[in-house]
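Quick notes on the structure that follows.
The values are calculated or read from the model by the stated rules, or taken from the named source; none is laboratory data. No experiment lies behind these values; they were computed from the predicted model shown. Cβ placement follows ideal geometry from the backbone for every residue including glycine, while neighbour counts extend to all protein chains displayed. These accessible areas exclude ligands, DNA and RNA; they are computed on the full protein's heavy atoms, side chains included. Shrake-Rupley method; radii C 1.70, N 1.55, O 1.52, S 1.80 Å.
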Amino acid sequence: MAISLNNPFVIVFFAGTLFTFFMNHFLEFIDYKSRQKNGGRLPEILKKYPLAAGTFDEEKLKKISAYEDDKYKFWVFKSPLFLLMNLLLVFSGFYPWLLGKIVSFTGIPSTFGPAFLCFFLFLLLGSIPEEIISIPFALFKEFVIEKKHGFSKMTAKLWIQDYVKESVVSVVLAALLTVAAAFAFTFFRTTWAFILAALLVAFTFIMQIVYPKFIAPLFNKFSPLEDGELKDRITALLSKTGFVSDGLFVMDASKRSGHSNAYFSGFGKHKRIVLYDTLINQLTVGELESVLGHELGHFKLKHILKRLLISIPMEVLVLYFVYWVAQFAPLYTSFGFDFGIENIPYFQFIGLFVVSLIWGSVSEIFTPFGNIKSRRDERAADRFAVVTCENKENLINALIKLNSENLSELIPPKIYSFWNYSHPTLIERISSIEKVEVKNDKS
């Protein structure tokens, strides 16, 4: 069955896809032109900090611009190809054709066994075209761009090992999620939205425990943080903030990349703190304490809990909306699926798939709204770190070093950072930190 170009579902998908493409190109081009104009300039607010003035010299500013320019040119070449692939897969009828071939093998997915097999094969085989195209771009980014700018420490052997492991883990997780979906679609045909939402929420919480203990160690070595000043300072900070941790670990990130980071994982008594070894090498003990103070700020200010309290009800509402839309035959026929109206109850996973295609095409429009909230939380976490650690200088110096080490842009256009940044820019963060009042500032 041919795809109906007059159907509102198809119109939204097509218009949204083109809007996302051109909006992103518009923003990236503005950022590129701004970088050509301002990339060699040190912002005024940084000139009063000796560390920044010494760190962001002419050579460093050129390196930042060169790195950002290379990423931009790579993306400009990659983006149209992925747009073309996306449109071809949809408008060529690839997905209906694939479903037809799978159903001829599994039969109508009216019971759990055929439903699971049909859903799983559709997701697995349907992802192959994008995976094939993605591989050369991933290799180029890793072994050309990242190596050129001194970040990648990856070897061909390690890349292949990572790829195989990631593929296996992805397939296993996809199978588990497909089991949940097949269960919901098969046994709760009129209430699957609520059942599937509950299963997804449970899966999310379970992964918070499973990932750090069983999946992450497949890729990196996690060693307990050695005794010393750093561990003592972090332990005291955790005690001060009432954070119960399952351990402090150092990850051997340097065997793959020079980029640095720190993160928390898990929940409840299973929370653990992970520091990249690159981060430990780049920052002083006091600066590391401030960085962790920032992360603890998210915990103490309940940012994660608040997001869950919003996201879980939204997930239920969205899935119920998908259930409601999935009852309309035009949703399927407009994208070329022709399995008969009488069989719609058995193919609502295709409805979920089609809605995800449509949502993916328009979700860019809502990006700034989430980023506004995220940037607000980041500023609050910065304030918490400064007040808790009683030191502005350490956090400011840490941010300067991390910005420098990661070759992050200093002066992005406001419209670009407003649309794309989940964190305030370095200048905005320092300006905000300077306004924080600290009673016993140990700077």
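Observations on the model:
- Furthest towards positive pole of dipole, V274, N391, I358, structure part the chain, Cβ charges: N391
- Once the chain from L125 to A138 is taken as fully extended at 0.36 nm per residue, the excess over their C-alpha distance is 2.7 nm.
- Placing pseudo-labels 7 Å out from each Cα toward the beta carbon at W324 and A66 gives an inter-label distance of 5.6 nm.
- Fully extended contour minus Cα-Cα distance, from E364 to R41, at 0.36 nm per residue: 113.2 nm
- Normalising the average separation of contacting C-alpha pairs (under 8 angstrom, six or more residues apart) by the number of residues puts the relative contact order of the chain at 24 percent.
- Helix 393-405 vs. the chain, principal-axis angle (Cα, 0 to 90°, nearest 10): 60
- Shown for the chain: the carbon plus sulfur share of the solvent-accessible area, taken with all protein chains present and a 1.4 angstrom probe, equals 66%.
- Distance between the 7 Å Cα→Cβ label points at F267 and V76: 4.4 nm.
- Fraction of antiparallel bridges per DSSP, the chain only, in percent to nearest 5: 65
- Counted by Cβ distance under 12 Å from F249, the other residues give a net charge of +1, where Lys and Arg count +1 and Asp and Glu count -1.
- With 0.36 nm allotted per residue and the present C-alpha distance subtracted, the F205-E295 stretch has 30.4 nm of extension available.
- Helix 192-210 axis versus longest C-alpha principal axis of the chain: approximately 40°, rounded to the nearest ten.
- Based on protein heavy atoms only, region 298-443 ends up with 49 Å² per residue of surface accessible to a 1.4 Å probe.
- Efficiency of FRET from Cβ geometry, T235 and L308, R₀ 35 Å, rounded to 0.05: 0.80
- On a per residue basis, region 82-198 carries 51 Å² of accessible surface, using protein heavy atoms and a 1.4 Å probe.
- Pairs exceeding 21 Å between alpha-carbon atoms, taken from K141/K414; K213/K269; K37/K148; K48/K300; K240/K302; K63/K141: K141/K414; K37/K148; K48/K300.
- Calculated FRET efficiency for the pair N7/F418, C-beta based, R₀ 35 Å, to 0.05: 0.55
- Along the axis of the charge dipole computed for region 1-127 (Cβ charges of +1 for Lys and Arg, -1 for Asp and Glu, origin at the Cα centre), the listed residues G40, M23, I64 are led at the positive end by G40.
- Rounded to the nearest 10 square angstrom, T190 shows an accessible area of 100 square angstrom against a 1.4 Å probe.
- Region 38-91 and region 1-34 have Cα centres spaced 23 Å apart.
- Cα gyration tensor shape of region 126-244, rounded if a/c is under 1.5, else prolate or oblate by comparing a/b with b/c: oblate
- Relative to the longest principal axis of the Cα atoms of the chain, the long axis of helix 303-325 lies at roughly 20 degrees.
- FRET efficiency for V244 and I341, using Cβ-Cβ distance with R0 set to 56 Å, rounded to 0.05: 0.55
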